[in-house]
Amino acid sequence: MGRYMLRRVGLMLVTLLAISFVTFWIIQLPPGDYVSTLVAQAEARGEVISPERMAAMRARYGLDDSFLVQYWNWISNIIFRGDFGDSFAWNRPVSTLIWDRVGLSFFLSVSTLLMVWAISFPIGIYSAVKQYSPGDYVATFFGFVGMAIPEFMLALVFMWIGVKYFGQSAGGLFSPEYVDAAWNIGKLMDLFSHLWLPVLIIGISGTAGLIRITRANLLDELYKPYVITARAKGLPEWKLLLKYPVRMSLSPFFSTVGWLLPGLISGETIISIVLSLPTTGPLLYGATLSQDMYLVGSFILILSALTVVGTLLSDLALAWWDPRIRRSYQGS
Amino acid sequence: MQQTRTSEPTGRRVLDTDAPYVLDVRDVRTEFQLEDGVVGAVEGVTLQVRRGETLAVVGESGCGKSVMARSILQLVDRPGKIVGGQVWVPVPPIDPETAKRRRGLFSRKKAPTIPVVTDPDAPEGMVDLLASDPEILRAVRGKRISMVFQEPMTSLSAVHKVGDQIAETILLHEPVTTEDARKRAIELLRRVGIAAPEKRVDAYPFELSGGMRQRVMIAMALACDPELLIADEPTTALDVTTQAQILELLKSLRDETGMAIMIITHDLGVAAQLADSIAVMYLGNVVEYGDLAEVFRHPKHPYTRALLASVPKLGQSRGRRLEPVRGMVPHPFARPSGCTFRDRCDFAQIGRCDVAPPPLLRDDDGHEVRCVLYEEER
């Protein structure tokens, strides 16, 4: 097991290095750079930036260096000093920018995830056990509708309903008077009163999808011989269901649970923009538009790191859950 | 591992013909309600098993023998449905402590009720499982009647240790602690011939061979000293050597515990090795029933005769060809009227066999046959 872990961590580092290089390369691919974006913005406002100032700025940001030199400056700072560089646009260190928003993104995602699990597992199990019952048809209908409706449209509809019928703005996570306030009980309550809507909107498609997955996985297991064996022992039906087929049907779930990790930080970009939520999604989106390359690169690097760590966690979770996988790791 | 002894002839067992029934199945019907129509898998099977008796139920694939066996403990999965009949078993003792462990998560009921028997034909001291409370059924499952299935590879849960799976049965039915149940699981594994049971008790099924898994299944079935063991093709998925070992094991366990066995098989050899009596099934019906030696020596039903003729015998002259049973099992939606076997029968009489289902005829020795050919003898 120890050797297996060591090999996995080594592979992870190599993967991350490759990802960082490719990411940085892709960011540089579009024509122009941050300075040319600035110039375009200035021209739109009717201002002119002198060529001397442009050259000075390029020199300051190191934009005239070759790609490899820029990459090396960036990655060596991360590796040796833990410094992700400064954002051009915000003129602040990338790390403080990101961490500011990570908290809320994380909170929002975890709330959504818990809601999705709490709703979809029971419904999925019910739907499989009572296949083709009226309840199953209702769940199936909801499942397909939930998966088919784009989230941003749901968000728009909810906002419209909020404004039209309740005279209340549905966007944001805080009321205007709390946005810049320090944390206190009032702000927390305000957060909760705003939170349910984005949680609901973001969660709906995930809930619908997970209901379908849980149902399909459980239906695969429900009529296997080992379930009949357990029934023949005299186990009551619900206990039997949870101990045997449900447990088996969760294996595919555990094999993907780690992939949720990057999602916890990245936030739902489109929904966040529509609902103007202060999460990380819109930040990344804006930075990509303005070619704020250290911010984008570092952000994607962090997400990639979380993805590979998540995959490892998934594999470990699956090994913990399923003895067959565990034994095969111990053998290797 | 147990020594294999296959060539040894079965010693004639002396059976107590007055022993009480441990199972009395009456006119059980099980249907599969499919989209294209209803298939009757079991069409009114009546069978009895006495204490200590071994009954073999034989028949071709698809004749309903497995479904019949599963109907006894109501283990038929959708779309199968038991639509009629009675399954009488001795009333199980219900200990309130262990009954609690078998109670459902949402059940608030205090104690199960034994249904009041109004049927005048009802056997005394017995309860009809098909009409009783699910709790009575759960008290019988695994405790009084237990089952061994065909597929040892998939019949055990892959993610639970075999010891825990055995101990679970014990904990469900007997007021013992977890440690005691574990000790008994080890003892059971030893009894079914698994080497180093103290170690194997913590093994997962995928770490064991097919034969060992079937031994574990048998240990699980024996966990609460059942009155009746229903073995549904217990050796079909195993190689020939392992088959012989498992049969040998069943035989020695039966002689040791005195339990009754109902063995479902398509293999007449298996039936011959183990059984005291035999029921031959064809398309959901028992067509012949009787003492094993009697049926093998003097088969009555044309189907039984054809089956026996299709099996090679020692000493049979070399040039002789085996005779297969003529024709094919009819499609379930296209059953012949009257006697379902008449299409394949060499003695079918037009105007008689195709008109009405054949009568059940019983001679003085209890040899039963469902065929018009013997009507004249009476």
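Numbers for the structure displayed
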quantity	calculated
Qualifying residue in region A:30-37 (condition: outside any helix (DSSP H, G or I), aromatic (Phe, Trp, Tyr) and surrounded by 13 or more Cβ atoms within 10 Å (Cβ to Cβ))	no
Count - residues of region B:253-270 that are under 21 Å from B:Arg51 (Cβ atoms) and either in a strand (DSSP E or B) or touching a Gly at 6+ places or on another chain (Cβ under 9 Å) (or both)	8
Residue list for region B:191-210, filter: part of a helix (DSSP H, G or I), more than 11 Å from chain A (Cβ to nearest Cβ) and surrounded by 21 or more Cβ atoms within 10 Å (Cβ to Cβ)	B:Arg200
Given (1) of a type outside the set (D, E, K, R); (2) closer than 16 Å to B:Ser61 by Cα; (3) not in a loop (DSSP other than H, G, I, E, B), index of the condition B:Pro324 fails	(3)
Lone unmet requirement of (1) over 24 Å from the mean Cα position of the chain (by Cα); (2) outside any loop (DSSP other than H, G, I, E, B); (3) buried (at least 21 other Cβ atoms within 10 Å of the Cβ) for A:Leu235	(2)
Subset of region B:29-59 [surrounded by fewer than 17 Cβ atoms within 10 Å (Cβ to Cβ) and outside any strand (DSSP E or B)]	B:Glu35, B:Asp36
Single unsatisfied condition, B:Gly125 versus (1) exposed (fewer than 14 other Cβ atoms within 10 Å of the Cβ); (2) at pLDDT below 85; (3) within 14 Å of chain A (Cβ to nearest Cβ); (4) within 25 Å of the chain's Cα centre (by Cα)	(3)
Pair list, Cβ under 6 Å, 6 or more apart: region A:134-145 residue surrounded by 17 or more Cβ atoms within 10 Å (Cβ to Cβ), other residue charged (D, E, K, R) and outside any helix (DSSP H, G or I)	A:Asp136/A:Lys130
Members of region A:289-332 found to be polar (S, T, N, Q), touching a residue at least 60 places away in the same chain (Cβ under 8 Å), farther than 18 Å from A:Thr256 by Cβ and assigned to a helix (DSSP H, G or I), listed by number	A:Ser298, A:Gln330
For A:Thr256: the one exception among (1) in contact with a helix residue (DSSP H, G or I) (Cβ under 9 Å, 6 or more places away or on another chain); (2) surrounded by 19 or more Cβ atoms within 10 Å (Cβ to Cβ)	(2)
Test: A:Arg212 is basic (Lys, Arg), within 14 Å of chain B (Cβ to nearest Cβ) and either within 23 Å of the chain's Cα centre (by Cα) or assigned to a helix (DSSP H, G or I) (or both)	no
Any hit, region B:136-156, residues being of a type in the set (Gly, Ala, Ser), facing another protein chain (nearest Cβ under 10 Å) and farther than 26 Å from A:Met248 by Cβ	yes
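A quick yes/no check of all residues on (1) more than 14 Å from chain B (Cβ to nearest Cβ); (2) touching a residue at least 40 places away in the same chain (Cβ under 8 Å):
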residue	(1), (2)
A:Leu219	no, yes
A:Leu222	no, yes
A:Arg231	no, no
A:Leu240	no, no
A:Ile265	yes, yes
A:Ile271	yes, yes
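The values are calculated or read from the model by the stated rules, or taken from the named source; none is laboratory data. These figures come from a predicted structure and were not determined experimentally. Cβ coordinates were reconstructed from backbone atoms using ideal geometry, including for glycine residues, and neighbour counts include every protein chain displayed.
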